[in-house]
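Enquirer: Below is a structure I'd like to ask you about.
The values are calculated or read from the model by the stated rules, or taken from the named source; none is laboratory data. Please read all numbers here as calculations on a predicted model, not as lab measurements. Glycine gets a Cβ as well: all are built from the backbone with ideal geometry, and neighbour counts include every protein chain shown. What goes into the accessible areas is simple: the full protein's heavy atoms, side chains included, and nothing from ligands, DNA or RNA. Shrake-Rupley method; radii C 1.70, N 1.55, O 1.52, S 1.80 Å.
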Amino acid sequence: MEEAVARFGDGLGQVLLQQPQQSSQKILFETGSFTGYHSLSSGFGHGYLSAERSFRQPLCGNEEGWGPLSPFRYDFTPCFIDVWVASVAAFGIIAGSLALGWLIRWRKPNPVSKDWHFWTKQVLLGLIIANVAVQLAFQIISYPDIWYGDFRVYTTIATIVSLFVIFTIQWLEHERLRNANGVVLFYWLFLLIALSVKLRSLISQQIFAKNLPYFVTYCVGFGLSIAEFFFEWLWPKKNSTYEALVDEEECPVEYATVFSLLTFSWMTPLMKYGYSTFLTEEDLWGLSKTDSTKATGEAFANAWEHQLKTRKNPSLWIALFRAYGGPYMLAAIFKVGNDVSQFTQPQLLRYLIAFVESWTLPGAEPEPVIKGAAIALAMFAVAVFQTTMIHQYFQLAFVTGMRIKGGLTSAIYKKALKLSNEGRASKSTGDIVNYMAVDAQRLQDLTQFAQQVWSAPFQIVICLVSLYHLVGWSMLAGIGVMLVMIPINGMIAKFMKNLQKKQMKNKDARSRLIAEIVNNMKSIKLYAWGAAFMNKLNYIRNDQELKNLRRIGAGQAFANFTWSSTPFLVSCSTFAVFVFSGDKPLTTDIVFPCLALFNLLTFPLAVLPMVITSIVEASVAVGRLTSYLTAEEIQADAVVVKPAPEEIGEETVLIRDATFSWNRHEKKNVLHDINFSAHKGELSCIVGRVGAGKSSFLQSILGDLWKVKGDVEISGSLAYVSQSSWIMNATVKENIIFGYRYDSNFYEKTVKACALLDDFAQLPDGDDTVVGERGISLSGGQKARVALARAVYARADIYLLDDCLSAVDSHVGRHIIDNVLGPKGLLSSKTRILATNSIPVLIESDYICMLKDGEIAEKGTYRQLVAMKGLVFDLIKTAGQDSSGPSSQASSPTESGSETSTIIDAEGSNQEKETIEEAQEGLSTLQSIKPGPSQSSISKSKGRTGSNTTLRRASAASFRRPRGKLTDEENPSSKTKQSKEHSEQGKVKWSVYTEYAKTANLAAVGVYLVTLIAAQSAGMGGSVWLKTWSDRNTKAGANPEVGKYLGIYFAIGIGAAALSVVQTLVLWIFCSIEASRKLHERMATAIFRSPMSFFDVTPAGRILNRFSSDIYRVDEVLARTFNMLFTNLAKSGFTLVIISVTVPAFIALIIPLSAMYIFIQRYYLHTSRELKRLDSVSRSPIYAHFQESLGGVSTIRAYRQQDRFELDNEWRVDANLRAYFPSISANRWLAVRLEFIGAVVILAAAGFAVISVTNHSGLTAGMVGLAMSYALQITTSLNWIVRQTVEVETNIVSVERVLEYARLPSEAPEIIPGNRPPVSWPARGEVEFNNYSTRYREGLDLVLKNINLDIKSHEKIGVVGRTGAGKSSLTLALFRIIEPVSGNITIDGLNTSSIGLLDLRRRLAIIPQDAALFEGTVRDNLDPGHVHDDTELWSVLEHARLKDHVASMEGGLEAKIHEGGSNLSQGQRQLVSLARAMLTPSNILVLDEATAAVDVQTDALLQNTLRGPLFANRTIITVAHRINTILDSNRVVVLEKGEVVEFDTPERLIAKRGVFYGLVREAGLAEE
């Protein structure tokens, strides 16, 4: 439609320029009024209904011929008028038939009743058809001789046909579509435009005087058409009729009408809703089918597969294009439309100026009013058309970006679950999360720019052609300047690119460091290493990152200078050449269109370097992603899986002559020539020293290692418990059920067997307690048992247990051996392979395998190996176990139910299987938890009580929604729910802005604002000066005083550019970087000083998010957005002033327009802000879940749960896209509305100018040119203002979030100056607990209650108790990780609560339960503050039995340790923390379950060290799991439920036969 109008305007203008000079000039002028009405009675040509006897021109029987302009009146000829109508009819017939075909072929009819609305619409249409038929009759009567060959008759017939087509579409669409068909809507719109042009023509011909009946008929038809259009378009269909056919979650974009799509009105309901209430996730629409991650992920997977198959070097670019290129190509068409219409405006401006001049210049003939009106309308129409085009283009680009993000996220996740060890080695968890967070994002951002690659050159070409029409070859001067500027801009871009790369590296380094700090906060606090790490962080942040940012700021300023001076230099040089080379005066109708074109030229020029950078960044990302997506995956054929075994004693695991390596490219093998087999119903133990390869052995069965040679076969499903148990951030119950169907009976058995019932009683919400990230709220032993319960619940065929007994207390270990692992345990009919150093299990085992240096040294049954007196015998001897004894009881396996076990995996339907299984379940040896009479009666009737039934397989639960809600109702009373991430609602408070400005330095902000306004005024001054100059030239008809005018113009321009540089520099270097330095420092300090309870309730991902994305925003985005906002505010303000000065009438419009503007903006702000918040809040779970999955890859793979986790990932991504899609659509919704206001401003400026000129107000062409060239720019400025306000709002949220963390409550002060302990403290090492009680954090129960202990100097104290009795809490209390609720602890008579934390923690040594290792060198790990010299370090390594290992690593003390110490075994990590403890010169040493992960021999060596001369005069407090490690203590503390129940020497306690005796007996150490 707009094109039609534009064409009409253009055609009109061109014809008018070559206006025939006739005496009838006055008639032309008279008939050129706006409505066409005039009072002349003759001389204005022939009417629409007049015809000659024969054809003078083909197909046209009217005297005026084809025209197109009538020689008599200011109007089209009657024949030409019908060309418009005919083209609409043709559109109706052609497009209509296509639409009909589509409707019938693709849309199923639904039974929808035809209501009165439908009939009204169709009856109206029938009347219109009748009306046109009547018009046809009039025509045939009026052209009696020639009607059969006249174009006007053909047009009317075509119109009737097209109306019939439309009638059919409207009939069919009623039951096939939920909305009006696009073709129909456009048909009516175009028809109305064509008919109104025709109406004006009929009025101008005074048909109403010649043939009134025809005129009336025509007007009635016109009125009916208007009614029909509004009926079809605005009258909504009753939704209720369609309701039944709809899924509950759908996206309105799928059934919006075409106008609604073009104007984004489908967003309006959400905008309205968001204005009145705060949006939550529940209010969001579903995604349309094509955008869901499932669809996009599949599309990408297929395309990538195709690449891998067909090419040696697969290309990610081609794969992405193949998967998502379609809509993106459609976007290109919209872009062309936008580009072309953009350059029509300056041409129209030229006609407008010519029109004004015809009225103002002395001696010129004034042109008809309708011409001016047509030009103004055409400008408006072109502006509206441009808006619709550009936003359709943007929307498609963004949607493509969104699909790319979804598809890539899904691909990256799936790949992560398949990576092999080599693939993982080079990429830390942080890196892989970065692929998802950063690189996928880069490609998403590229979609906004990629089309500019062809569009920018295209725009430049159009622009140059238009310029050539205006100033001839002088434009070459301008092009020359541009060509010079392009390489300069290129160099700057390259320079910035390198800085940006460095910035990325620094950012990575910083987020890695932060991640480690957060993950190991407990150790940092225990060792009092806060200062050392803070310095490390500050070094990366201030000396590397911010230094680089300053450079980036300077580069930015220089770049700004070049590109703000480019357009100006271009215009300057062009005008100079034009003035000096020709005699033609530089008049207003050249200057202002030229300026408008130069303004348009700045965009493609500015965008090209950005496009290049964006492409370069994206190609870096593509490189990284390609290398990741093609990284090595686990060996698919490493393990052959066979069907599950049926009989007890069948072979289930077989390893033949196998050799394994961690890395397929290195020659170093972990395991050589392994031969091993395990059978159903057997317990096999794998024993060996630390680092002998026990864990590797299990992983080889899982298929995680690279198999160099040999075979591995397993039969049936696996369950795996890793050494460091992997616990998900979910409830305990979800962790155990792990995606299988919930079966309460078996669940209870599992929990009981794994000794978790007591723990559930202690946990705040029982098994609905939410475990934090990495199982943070469970103790080590609880984690291990939850992981074991997960394995048991899975009811697999083969169990691989990696040392699951080391973390639990010995009596619990006994319980687990009896109820789970042993011959009477739950798993007795399964294959169990256990890597362990626990002697009691060996006695129960069927088979033992001793590993040494990666080879099997000995294997056989317990009795055989003991008889051999080999390595295993030594191991047992070291542990001080008597070889005779209990072994005899377990010697005969036949006692444990030797009947063939019944396998219930019968063929047959699932239904049947389930019922058989349920029937059988009553009779397995597992008695149900609540045995009742029914139980025994069944067993009597079946008579098979002894049968050792195989547990039935766990069946997977069906998943319909993301994890985290297995129960429907959230339990509001639960205490451990992680606080949802707090997202502030509503407007960001002003205090945040003022706080930010203060941190940024107020003086600098003031300077910035002054330079900003100065720069804008200077730019404005340049244009005004040009106006003065061109007006002068127009008057003179030549170019007087060129030098003066040019010189001043040049000076103004350069001044403006220089001011903008100052403005950027001040902003970056003095405001933004200052602020972000202070903010980061405050937040980091606050995090370091937060109490441990903060880290227990806050997921690490959330803290990292503040340090990565929020700090990035504060560093780089915020300043830029503020700058854009203020610049555009200044621009728009100046524009409105100029227009108002030119046409004062415009002032009247400012108020309603501003009101509308503010109204739209407010609407938008509310909704957009919430949508963006939802978008960012829903983003962290994606990464959190991803990080979590990366930690448990081997577990997920072992349970073969990849699909469930992939699904979970898809849900999380979808949840994020559900917020992202409306948030980008909201931007388009806003822009379309604002640009419409902009178009109204253009219309008003042009329209008022036309009215003002035709009323002889004395308005000059220069003024009009100046005002219009600014009005044309206003749309972009207005749009930017709102967008930047929102950007500022969303990004200032980051400041708010950083400040929120900066104000976190901190722990007690590090040092209390007035109260510092003496230098030698604690010299004696006496510890006293006085009525001490404590809890982990407010609102939780007490973990220690009224503890009274006094520990004498140099005593060795053992602390024992069942898991969760508060043993570890005791050590935390000593270090004040948890503060007392009542009572206190004194050391050497000094109350520990009265001194600073640093003083306290520095003087105590600890070997914590989980050895935290940091990425870095061995030296950094032992001594991060670098206070000790090499000799000290080597000597402690020697005492810790690590010297040989460290010496063998590359670089000795400088040897690299990977993230989390992953290149040391768990036992070696424990030894590192022993070495750390020795470095601390303290008289008090706390061991927290220190030797839990160490094998028996190493343990013995350690115990000797700890009992040796080095530690003789220290007080040692040992929290023990293995009772034998503390039997020789001076005294033993026995804790139960947080209270001391016994405290005395071990001998007395055993004699007393109390709790301690019970523990000793369970561990099998007591003589009966």
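Enquirer: Out of the residues in segment 790-813 meeting the condition of being among the hydrophobic types (A, V, I, L, M, F, W, C) and assigned to a helix (DSSP H, G or I), tell me which one is nearest to Lys642 (Cα to Cα).
Expert: Ala794
Enquirer: When residues of segment 1109-1125 are filtered for being modelled with pLDDT of 85 or more and more than 30 Å from Gln1016 (Cα to Cα), how many remain?
Expert: Result for segment 1109-1125: 2.
Enquirer: Scan Ile1274, Ile1281 and give me the residue that is open to solvent by less than 10 Å² (accessible area, probe 1.4 Å), in a helix (DSSP H, G or I) and hydrophobic (A, V, I, L, M, F, W, C).
Expert: It is Ile1274.
Enquirer: Which condition does Asn302 not pass, out of (1) closer than 24 Å to Trp1229 by Cβ; (2) part of a helix (DSSP H, G or I), if it passes all the others?
Expert: Checking Asn302 against (1) closer than 24 Å to Trp1229 by Cβ; (2) part of a helix (DSSP H, G or I), the one that fails is (1).
Enquirer: Taking segment 1484-1512, which residues are part of a loop (DSSP other than H, G, I, E, B) and modelled with pLDDT of 75 or more?
Expert: Scanning segment 1484-1512 gives Gly1508, Ala1512.
Enquirer: Collect the residues in segment 425-468 that are assigned to a helix (DSSP H, G or I), modelled with pLDDT under 85 and among the charged types (D, E, K, R), keeping them in residue-number order.
Expert: Answer for segment 425-468, where residues must be assigned to a helix (DSSP H, G or I), modelled with pLDDT under 85 and among the charged types (D, E, K, R): just Asp431.
Enquirer: Would you check if there is a residue in segment 329-347 being part of a helix (DSSP H, G or I), of a type in the set (Asp, Glu) and open to solvent by less than 40 Å² (accessible area, probe 1.4 Å)?
Expert: Yes, segment 329-347 has at least one match.
Enquirer: Please report, ordered by residue number, the strands (runs of 3 or more DSSP E) entirely within segment 585-682 with at least 3 residues that are of a type in the set (A, V, I, L, M).
Expert: 651-661, 671-679
Enquirer: For Lys309, only one of the following conditions fails: (1) open to solvent by 30 Å² or more (accessible area, probe 1.4 Å); (2) within 30 Å of Val591 (Cβ to Cβ); (3) without any contact (Cβ under 8 Å) to a residue 12 or more places away in the chain; (4) not acidic (Asp, Glu). What is its number?
Expert: With respect to (1) open to solvent by 30 Å² or more (accessible area, probe 1.4 Å); (2) within 30 Å of Val591 (Cβ to Cβ); (3) without any contact (Cβ under 8 Å) to a residue 12 or more places away in the chain; (4) not acidic (Asp, Glu), Lys309 is out only on (2).
Enquirer: Right, another one. In segment 401-414, which residue that is of a type outside the set (A, V, I, L, M) and open to solvent by 10 Å² or more (accessible area, probe 1.4 Å) is farthest from the chain's Cα centre (by Cα)?
Expert: Lys414
Enquirer: Also, quick follow-up: Pairs please, first residue from segment 1143-1166 and at positive phi, second anywhere and hydrophobic (A, V, I, L, M, F, W, C) and surrounded by 15 or more Cβ atoms within 10 Å (Cβ to Cβ), Cβ atoms under 6 Å, 6+ apart in sequence or on different chains.
Expert: Every condition considered, no pair remains.
Enquirer: Scan Asn1483, Asn1504 and give me the residue that is touching a His at 6+ places or on another chain (Cβ under 9 Å), open to solvent by 10 Å² or more (accessible area, probe 1.4 Å) and not hydrophobic (A, V, I, L, M, F, W, C).
Expert: Answer to the selection: Asn1483.
Enquirer: Right, next: Out of Leu163, Leu172, Leu189, which single residue is within 55 Å of the chain's Cα centre (by Cα), assigned to a helix (DSSP H, G or I), aliphatic (A, V, I, L, M) and at pLDDT below 90?
Expert: The unique qualifying residue is Leu172.
Enquirer: Still on this structure: Keeping to segment 35-59, report how many residues are under 18 Å from Lys198 (Cβ atoms), touching a Ser or Thr at 6+ places or on another chain (Cβ under 8 Å) and either at pLDDT below 80 or open to solvent by less than 40 Å² (accessible area, probe 1.4 Å) (or both).
Expert: 8
Conditions (1) of a type outside the set (Ser, Thr, Tyr); (2) farther than 27 Å from Phe1070 by Cα; (3) outside any helix (DSSP H, G or I), marked per residue:
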{"position": "Tyr1112", "(1), (2), (3)": "no, no, no"}
{"position": "Phe1122", "(1), (2), (3)": "yes, no, no"}
{"position": "Leu1125", "(1), (2), (3)": "yes, no, no"}
{"position": "Leu1136", "(1), (2), (3)": "yes, yes, no"}
{"position": "Val1141", "(1), (2), (3)": "yes, yes, no"}
{"position": "Ile1150", "(1), (2), (3)": "yes, yes, no"}
{"position": "Leu1153", "(1), (2), (3)": "yes, yes, no"}
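Enquirer: Further question: Return yes or no: is Ser1257 at negative phi and in contact (Cβ under 8 Å) with a residue 40 or more places away in the chain?
Expert: no
Enquirer: Same structure, new question: Would you point out which residue out of Tyr242, Tyr214 is hydroxyl-bearing (Ser, Thr, Tyr), outside any loop (DSSP other than H, G, I, E, B) and modelled with pLDDT under 90?
Expert: Only one candidate qualifies: Tyr242.
Enquirer: Please determine whether any residue of segment 773-783 is assigned to a loop (DSSP other than H, G, I, E, B), at pLDDT 85 or above and either touching a Lys or Arg at 6+ places or on another chain (Cβ under 7 Å) or within 17 Å of Val721 (Cα to Cα) (or both).
Expert: No - not one qualifying residue is present in segment 773-783.
Enquirer: Only one of Ala456, Ala450, Ala440 is in contact with a Pro (Cβ under 9 Å, 6 or more places away or on another chain) and within 18 Å of Glu617 (Cβ to Cβ); which?
Expert: None of the other options fit; the residue is Ala456.
Enquirer: Where the second residue is open to solvent by less than 70 Å² (accessible area, probe 1.4 Å) and in a strand (DSSP E or B) and the first is within 21 Å of Lys1356 (Cα to Cα) and small (Gly, Ala, Ser) and lies in segment 1307-1336, which pairs have Cβ atoms under 6 Å and are six or more apart or on separate chains?
Expert: As it stands, the answer is Gly1325/Ile1484; Gly1325/Thr1515, since those pairs meet every condition given.
Enquirer: What pairs come up if the first residue lies in segment 216-239 and is under 18 Å from Thr159 (Cα atoms) and of a type in the set (Ser, Thr, Tyr), the second is open to solvent by 40 Å² or more (accessible area, probe 1.4 Å) and at pLDDT 90 or above, and their beta carbons are under 6 Å apart, counting only those six or more places apart or on different chains?
Expert: These pairs meet every condition: Thr217/Val134.
Enquirer: If we scan segment 537-557, do we find a residue that is of a type in the set (Ser, Thr, Tyr), in contact (Cβ under 8 Å) with a residue 40 or more places away in the chain and within 29 Å of Thr1098 (Cα to Cα)?
Expert: no
Enquirer: Residues being part of a loop (DSSP other than H, G, I, E, B) and out of contact with any helix residue (DSSP H, G or I) (no Cβ under 7 Å at 6 or more places or on another chain): count how many of those fall in segment 1358-1403.
Expert: Residues meeting the conditions: 8.
Enquirer: Quickly run through segment 1200-1258 and pick out the residues that are out of contact with any Asp or Glu (no Cβ under 6 Å at 6 or more places or on another chain), of a type in the set (S, T, N, Q), assigned to a helix (DSSP H, G or I) and open to solvent by less than 40 Å² (accessible area, probe 1.4 Å).
Expert: Those that are out of contact with any Asp or Glu (no Cβ under 6 Å at 6 or more places or on another chain), of a type in the set (S, T, N, Q), assigned to a helix (DSSP H, G or I) and open to solvent by less than 40 Å² (accessible area, probe 1.4 Å): Asn1209, Asn1216, Ser1225, Asn1227, Ser1252, Thr1254.
Enquirer: Could you please let me know if Ile1073 is of a type in the set (A, V, I, L, M), farther than 23 Å from Ser1176 by Cα, in a helix (DSSP H, G or I) and touching a Lys or Arg at 6+ places or on another chain (Cβ under 8 Å)?
Expert: Judged against the criteria, Ile1073 is a match.
Enquirer: Count, please, the residues in segment 814-838 that happen to be open to solvent by less than 10 Å² (accessible area, probe 1.4 Å) and in a helix (DSSP H, G or I).
Expert: Qualifying residue count for the region: 4.
Enquirer: Go through Ala378, Ala364 for me and flag whichever is surrounded by fewer than 21 Cβ atoms within 10 Å (Cβ to Cβ) and either over 24 Å from Phe76 (Cβ atoms) or not charged (D, E, K, R) (or both).
Expert: Just one listed residue meets the conditions, Ala364.
Enquirer: Which members of segment 1029-1043 meet the condition of being open to solvent by 40 Å² or more (accessible area, probe 1.4 Å) and either assigned to a helix (DSSP H, G or I) or touching a residue at least 24 places away in the same chain (Cβ under 8 Å) (or both)?
Expert: Answer for segment 1029-1043, where residues must be open to solvent by 40 Å² or more (accessible area, probe 1.4 Å) and either assigned to a helix (DSSP H, G or I) or touching a residue at least 24 places away in the same chain (Cβ under 8 Å) (or both): Arg1032, Lys1035, Ala1036, Gly1037, Ala1038, Gly1043.
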